[in-house]
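Below: the structure, in structure tokens.
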Amino acid sequence: MSAWPSFYSMTGSTPQDDLRCPRAHICCASLLVAWLCAMLPAAAETAHRSSYYKNGEIHVNVLGSEEGEPLTSGHWDFKPSWSKTGDLLVFFRRLKNDPDVVKWKTAICIIKVDGTGFHRLTDGTHTDFNQTWTRDGTNTPIWNRRNPRTGAFRVMASRVGAKPGEEYALTGKDYHSWAYTTLKDGRIFVGSNPPGQRRGYFLMKPNLKGDPLFERVSCALAEAGTLDRVSVSPSEKKICFEYTRGFKRKVPGRTLYLADFDAGKRLISNAKPFANEKGNPVWFAYPRWTQDGTAIMYHAGRKLLLYSLADGSTRKVSTDDKADYRYPHGEASPK
């Protein structure tokens with residue numbers, strides 16, 4: 001029996017959900033985003049740099065400014081995460097398409113934010129998704145790799161400048177683990193069903209000489225629904241995520257939440273919705289932090305939006321209404 005479907009019953013998502021925006025909702029999404037931006041007060045025009053996906057290409061830009069040339073072109077490149085060192089992006093490139101997203105073949109790639117230094121970390125024969133960086137000073141790229149036999153994923157790692165085949169596993173092959181975000185002390189926030197524990201959310205401490213340590217994270221919302229696309233703030237005092245009420249998989253209609261986070265107590269508390277509270281059938285996704293931790297960027301209805309923590313305002317920061325924007329990541333702020 002596949003470990004992957006059983007875990008989806010807990011997470012409420014699949015890799016397919018990460019990578020496609022249902023076209024049936026695009027029209028209502030555009031109207032909703034336009035209304036949202038018109039009705040809410042404008043946030044202070046602070047300049048925030050971000051990497052993001054636009055029509056399959058990777059861009060680096062000040063949010064709200066017209067785009068220059070993309071860093072990548074001629075490929076399908078997804079989900080650029082910006083290193084804490086500020087000079088590198090890690091993303092995945094789709095090399096083999098398939099209607100079933102978990103059958104895609106992808107390569108984990110690194111590029112400098114000035115567009116130079118491109119290199120692959122993996123050979124493109126695996127399904128590798130949702131890469132990010134450690135925050136512990138090692139600047140280690142990590143990602144999730146699918147086991148084609150079981151359908152489960154495990155957390156992988158490599159190093160800047162490494163060659164394909166030099167990557168290594170941080171979690172076991174016989175259970176599912178999915179890395180979301182990282183902490184300065186080296187722990188990784190994961191969704192997992194580790195041996196001897198029920199499925200849930202954990203702070204995982206890697207152990208290259210043995211088994212990793214999984215310590216459960218407490219969150220009242222998780223008792224009544226599912227968290228996804230989790231991101232810890234630069235200060236590690238806040239956390240944002242997508243939330244689905246109940247445990248039935250649903251992508252359009254998720255609500256974005258902001259909460260307090262205590263890494264020592266492994267506690268998520270005081271959670272409050274900040275986008276799509278009513279659960280309108282639109283793809284609200286990928287809440288990610290600005291470098292200073294004062295705002296959260298996300299995508300909705302093929303647009304990029306920015307939510308200000310100070311005054312609760314939201315503004316549209318994508319500039320081409322005909323384009324498909326997704327997956328924003330703040331400067332020097334690994335998800």
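Derivation of every value follows stated rules applied to the coordinates shown; laboratory data play no part. A quick note: this is a predicted structure, and the numbers were derived from the prediction, not measured. Ideal geometry is used to build each Cβ from the backbone, glycine not excepted, and the neighbour counts take in all protein chains shown.
Some observations on this one:
- Linear extension gain, residue 322 paired with residue 235, 0.36 nm per residue minus alpha-carbon span: 27.8 nm
- Summed residue charge, Cβ within 14 Å of residue 154's Cβ, Lys/Arg positive, Asp/Glu negative: 0
- Spin-label pair residue 159/residue 260, simplified geometry with 7 Å Cα→Cβ offset, distance in nm: 4.1 nm
- Sum of side-chain charges, residue 58 neighbourhood, beta-carbon under 13 Å (Lys, Arg +1; Asp, Glu -1): +1
- Electrostatic tally near residue 331: other residues with Cβ closer than 12 Å to its Cβ, Lys and Arg +1, Asp and Glu -1, net +1.
- Cα centre as origin, Lys/Arg/Asp/Glu Cβ charges: the chain dipole, Debye: 960 debye
- The chain, helix-only ellipticity at 222 nm - DSSP H runs n ≥ 4, -39,500 (n - 2.57), divided by all residues, nearest 500: -2500 deg cm²/dmol
- Full extension of the chain between residue 46 and residue 85 yields a length gain of 11.9 nm, computed as 0.36 nm times the residue separation minus the alpha carbon distance.
- Global form of segment 175-295, assessed from the alpha-carbon gyration tensor, a/c cut-off 1.5: oblate
- Summarising the label geometry, the points placed 7 Å from Cα in the beta-carbon direction at residue 112 and residue 270 lie 4.2 nm from one another.
- Anisotropy class of segment 3-330 from Cα gyration tensor, a/c 1.5 cut: rounded
- Relative contact order (percent, whole number), the chain, Cα cutoff 8 Å, 6+ residue spacing: 19 percent
- Backbone geometry of segment 295-309 corresponds, through the Karplus equation with coefficients 6.51, -1.76 and 1.60 at θ = phi - 60°, to 3J(HN,Hα) couplings of 8, 10, 9, 7, 10, 7, x, 6, 10, 9, 10, 10, 9, 8, 5 Hz, x marking Gly and Pro.
- Extension gain for the segment residue 249 to residue 65, taken as residue separation times 0.36 nm less the Cα-Cα distance, is 62.7 nm to one decimal.
- In order through segment 206-221: 3J(HN,Hα) via Karplus (6.51 cos²θ - 1.76 cosθ + 1.60), integer Hz, x for Gly, Pro: x, 9, 5, 9, x, 7, x, 9, 10, 10, 5, 9, 8, 7, 4, 4
- Using a Förster distance of 25 Å, the FRET efficiency for residue 75-residue 168 (Cβ separation, nearest 0.05): 0.45
- Sequence-distant residues sharing a close amide H with residue 124 (under 5 Å, placed H): 108
- Protection proxy ranking for 103-114, 259-270, using the average of other Cβ atoms within 10 Å per residue and placing the highest first: 103-114, 259-270.
- Which of 285, 308, 195, positive extreme of dipole for the chain (C-beta unit charges): 195
- Using a Förster distance of 45 Å, the FRET efficiency for residue 136-residue 103 (Cβ separation, nearest 0.05): 0.85
- Around the Cα centre of segment 46-130, unit charges on the Cβ atoms of Lys, Arg, Asp and Glu (plus for the first two, minus for the last two) sum to a dipole of about 260 debye.
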